[in-house]
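Reviewing the structure listed below.
The values are calculated or read from the model by the stated rules, or taken from the named source; none is laboratory data. These numbers come from a predicted model, not from an experiment. All Cβ positions, glycine included, derive from the backbone under ideal geometry; neighbour counts span all protein chains shown. The area values use the complete protein model at the heavy-atom level, side chains included, leaving out ligands, DNA and RNA. Shrake-Rupley method; radii C 1.70, N 1.55, O 1.52, S 1.80 Å.
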Amino acid sequence: MKPDKIKVMMLLLLAAFSSCNKFLEEEPSGSLNLSHYYKTPEQVAAAVNGTYEGLGTPFVVNIGVSVSPVYSLEYITGYSRRPRPSGFEDDQFLRLDRLDDANSRLQGWWNSTYYPVENCNSVIEHVSVTTLVDEVTKQRYLGQAYFLRAWYYFQAVRLFGDVPLKLTTTKDLNDVKIRRSPKEAVYEQIVKDLTAAENCGLPWTDPSGRVSLGAVKSLLAKVYITMAGYPLQKGVPYYQKAYGKALEVIGSHQFSLFEQYSDLRNAAVQNTREHIFMLQRHPTVAVSNIHGAYQPYPDQPISIQPAYGGAMAPTQAFYDSYANNDGRKQEQAFFYTKYPRYGNPAETIFFPSPCIFKFWDAEAERSGRSGANFPLIRYADVLLLCAEAKSYIDGGQTSDATAIDAYYAVRHRAFPSEAKPVVLSTDDILKERYWELCFEFQTWYDMLRTRKAFDVEHGVMTGLTGYKAPNHLRAFQDSDLQFPLPLAEVQKNPDLAL
């Protein structure tokens, strides 16, 4: 059997551990040969669970703190800093040095796309013809696989531009040696997959953490607003599509904002209400590194494992861009500047600068192992996309009541006494996205599609090219807006360079 098949099947066998509860812990059986797989309902379920494996791949830590691809998405914005000393690979993002195509973070993002896409292709091919499960279950399995294949390609096309579009399983080594497809073709396939997922009978919500109809429609809104902006620049018709999909999510009345920011990290309400789609974690099966990595540095004994921390913190300029009365800036909302000493809560430890509290895991503070889920799509994101899309449709500002209500729902939580605006500009909404979605690995994608940056020192939106972010050594150039293809992939497949 060929090595690629072995690797794919190993992923399928391991991937039952990629989401929480039963589908995170399920143990598939059978041999590594595809001809011996998909023979029982349990194997089919395990293969579907395997399609989720790639969601956690960018978060995987190898050696050291923050040695994972996902942090690069916040480092490159220039609004974050790394209190702990970093290596040259992280520095290329942190300081906006020229990205080296041998940078392992690039390979990490590539692997986070194409290994899980192979799993999705396998499920789509085999589940489409299986008779081992009833039709309703079969369709829901397919809906999950279509959504996740779209997710992985959406991730890749935004980071790398033109990428190979592979929609069948690997049956021969030549199957992986394909050229890149134009980015527009990749986006068309993403929309096709998400449209298929919409019609697979998925429930609007799924408290187990699996893909739901709400997640599908929310992702479609994000895809359409991206296609409307850069690099495709499809304009108003696609802003209209994004607005329409966001309205479907809002109009479903299946989602709502949490009243308190603390509920964003409350394990009792994960996968519900504001959390439309989350990365599922578990304290032993699929540990999250976020709690430990975001702790202060140098070593601060505020958790059972104080040696962690220092992976990422806000720059002072970004922290200062929040109004002093913004609820998100209040102590232990999105940030914190002090915390009780672990084992001696009567003593308070003060940090030299603000740190990120947004994803603090109270259980991990005591146990040292975090099983906290991480938000991938939040309802606040969809509300702000709704308002932003309408503002573009209306020429840069809007007085549309629905758009204003969507924006105000997010704004009102941060400023309870602030009056509802009568008119909104696009820039007002974009700034709100920076403040609300900070450090959720969303900001870089917003910067790419809008070609705008938040000049935090002056409180205004500005053009991305030519803007020098707080933590960068130089201003952004057009060449910084697309990751180079990983060197190892081009060496293995020279057709990628064509």
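Brief remarks follow.
- Each of the peptides 443-456, 372-385 was scored by the mean count of other Cβ atoms within 10 Å over its residues; in descending order, highest first, they stand as 372-385, 443-456.
- Rolled with a 1.4 Å probe across the full set of protein chains, the surface gives Tyr238 an accessible area near 50 Å².
- About its Cα centre, the range 180-327 has a charge dipole of approximately 500 debye under the convention of +1 per Lys or Arg Cβ and -1 per Asp or Glu Cβ, with nothing else charged.
- Inter-part distance, the range 348-369 to the range 195-218, computed on C-alpha centroids, equals 33 Å.
- Annotation: the antiparallel percentage among DSSP beta bridges lying fully within the chain is about 95.
- Contact order relative to length of the chain, as percent, for alpha carbon pairs under 8 angstrom and 6 or more apart: 17
- Val136 - accessible surface, heavy atoms, 1.4 Å probe, Å² rounded to 10: 90
- Per-residue Karplus couplings for the range 83-88, computed as 6.51 cos²θ - 1.76 cosθ + 1.60 with θ equal to phi - 60°, are listed in order as x, 7, x, 10, x, 5 Hz, Gly and Pro entered as x.
- Using only side-chain charges placed at the Cβ, +1 for Lys and Arg and -1 for Asp and Glu, the dipole size of the range 134-263 relative to its Cα centre rounds to 520 debye.
- Dipole magnitude of the chain, debye to nearest 20 (Cβ charges: Lys/Arg +1, Asp/Glu -1, about Cα centre): 380
- Percentage relative contact order, the range 234-291, counting C-alpha pairs under 8 Å, at least six apart: 21
- Derived scalar couplings between HN and Hα for the range 133-140 equal 10, 5, 5, 4, 4, 4, 5, 5 Hz in order, rounded to whole Hz, by the Karplus curve 6.51 cos²θ - 1.76 cosθ + 1.60 (θ = phi - 60°), x for Gly and Pro.
- Of His282, His291, His36, His253, the residue with the largest accessible area leads and the full order is His253, His36, His282, His291 (1.4 Å probe).
- Packing-based ranking, highest mean first, of 347-359, 309-321 given that Cβ atoms within 10 Å are counted: 309-321, 347-359
- Couplings for the range 98-103, taken from phi via the Karplus curve 6.51 cos²θ - 1.76 cosθ + 1.60 with θ = phi - 60°, read 5, 6, 7, 5, 8, 4 Hz in order; Gly and Pro are left as x.
- The accessible-area ordering, largest first, of the residues Leu232, Leu159 stands as Leu232, Leu159, per a 1.4 angstrom probe.
- Per residue accessible area in Å² of the range 389-498, where ligands, DNA and RNA are left out and the probe is 1.4 Å: 41
- GluC sites (Glu not before Pro) lying in DSSP loop within the range 414-468, provided at most 15 other Cβ fall within 10 Å: Glu418, Glu457
- Straightening the chain between His458 and Thr131 buys 111.6 nm, computed as 0.36 nm per residue apart minus the Cα-Cα spacing.
- Long-range amide H partners of Phe258 with built H, under 5 Å: Glu274
- Largest accessible area first, the residues Thr131, Thr465 order themselves as Thr131, Thr465 under a 1.4 Å probe with ligands, DNA and RNA left out.
- Alpha carbon centroid spacing (whole Å) that separates the range 435-498 from the range 76-114: 11
- Extension gain, Gln240 back to Gln332 (0.36 nm per residue minus Cα-Cα distance, nm): 29.4 nm
- Based on Cα contacts under 8 Å between residues 6+ apart, the range 155-234 shows a relative contact order of 22 percent.
- Counting only heavy atoms of the protein chains and using a 1.4 Å probe, Val123 has close to 0 Å² of accessible surface.
- Think of the range 101-224 as a dipole: +1 on every Lys or Arg Cβ, -1 on every Asp or Glu Cβ, centred on the Cα centre; then among Val176, Val157, Val127, Val157 lies furthest on the positive end.
- Shape category assigned to the range 142-294 from the gyration tensor of Cα positions, a/c cut at 1.5: oblate
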